[in-house]
Amino acid sequence: MVRDLRHHDVEPAPLPGGGRPAAPVTVTRMRGRHLDGVLAIERKVYPRPWSPSLLRSELRQRGTRRYLVALDGRLPGRRRVVGYAGLLVQVGEAHVTTVAVHPAEHRRKIASRLLVRLLSQAIAMAADSATLEVRTTNPGAVRLYERFGFVSAGVRPGYYAETGEDALVMWAHGLLGEDFAARLAGVEAELDLPGGSSGAADLAVPWVRGRVGLGGSSVEDEE
Ligand SMILES: CC(C)(COP(=O)(O)OP(=O)(O)OC[C@H]1O[C@@H](n2cnc3c(N)ncnc32)[C@H](O)[C@@H]1OP(=O)(O)O)[C@@H](O)C(=O)NCCC(=O)NCCS
């Protein structure tokens, strides 16, 4: 497995107010050649990472799945994966299956950029509702989803068997309506603002390795 993440040795300087500049990334469809980069992030941010075969199987189901990657725009010749997100659409309902960003690039609007594109694709597939599960121990991710109009609909106790954590089940409704279009446009209009602009302090999840806060870098050495 290639784990070539050397570009993260160069950290973006924190902004004077303590925020992080938005990342210059390109969002595109996930393809087989991105899987090494995706899996390297997967292993850093999830206690039970998806396997290569599971991801490949998701990519094969083109009728109902959409998977996107964010590629580092600073190194056009090398185009490394810095984030990814996926979606399953069935009978008018979208299910966000995954969203993850390399820890060295958190709070740079990469997940927001991916979700704007992903939810636009859900709308293009005629989904009027979207749902997802998120760990109750992950308030930063909950904030992210709330910005897209997701609201909590309940808790599934012990949903994450590997850690025993509970899942918050969140839903966004009316994706095909004008209000949701306006919300998506509002998030899109803020994609170039620095991280921290929502006013939320940076929050860490214990098992995410190499967490970077708004104040600057605390990246561990890459393996
Ligand atoms: C959750 C995650 C995907 C967010 O990615 P990101 O690119 O850092 O998110 P963004 O920069 O687009 O954040 C947008 C907004 O969401 C909220 N937010 C995101 N991460 C946050 C955090 N760690 N603490 C507090 N608020 C956070 C903020 O309101 C932020 O806006 P701001 O930075 O202008 O204040 C990323 O932390 C990650 O990969 N975590 C590990 C995997 C994971 O938990 N995935 C979600 C599974 S459900």
Next on the checklist: Suppose we keep just the DSSP beta bridges with both residues in the chain; what percent of those would be antiparallel, to 5?
Outcome noted: 90 percent
Checklist entry - What shape does the range 93-156 take by its C-alpha gyration tensor, where a ≥ b ≥ c are the square roots of the eigenvalues and a/c under 1.5 counts as rounded, a/b above b/c as prolate, and the rest as oblate? => result oblate
Checklist entry - In percent, how large is the relative contact order of the range 138-177, given Cα pairs closer than 8 Å and 6 or more residues apart? => result 35 percent
Item to check | Long-range amide H partners of ALA22 with built H, under 5 Å | outcome: GLY195
Checklist outcome for this item: Quick shape check on the range 22-189: root eigenvalues a ≥ b ≥ c of the Cα gyration tensor, a/c under 1.5 is rounded, otherwise prolate if a/b tops b/c, else oblate, and it reads rounded
Checklist entry - If the label point is 7 Å along Cα→Cβ of ARG209, which residues in the range 35-50 have backbone nitrogen under 18 Å from it? => result 36-50
Item to check | In Hz, Karplus ³J(HN,Hα) per residue of the range 176-186 (6.51, -1.76, 1.60; θ = phi - 60°; x = Gly, Pro) | outcome: 8, x, 5, 4, 5, 4, 5, 5, 4, 5, x
Next on the checklist: Would the range 101-223 count as rounded, prolate or oblate if I go by the C-alpha gyration tensor, calling it rounded below 1.5 in a/c and otherwise prolate when a/b exceeds b/c, oblate otherwise?
Outcome noted: oblate
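No value in this document is a laboratory result; all are computed from the given coordinates. Bear in mind the structure is a predicted one, so any value in this text is a computation, not a measurement. Counting neighbours? That spans all protein chains shown, and the Cβs are built from the backbone with ideal geometry, glycine included.
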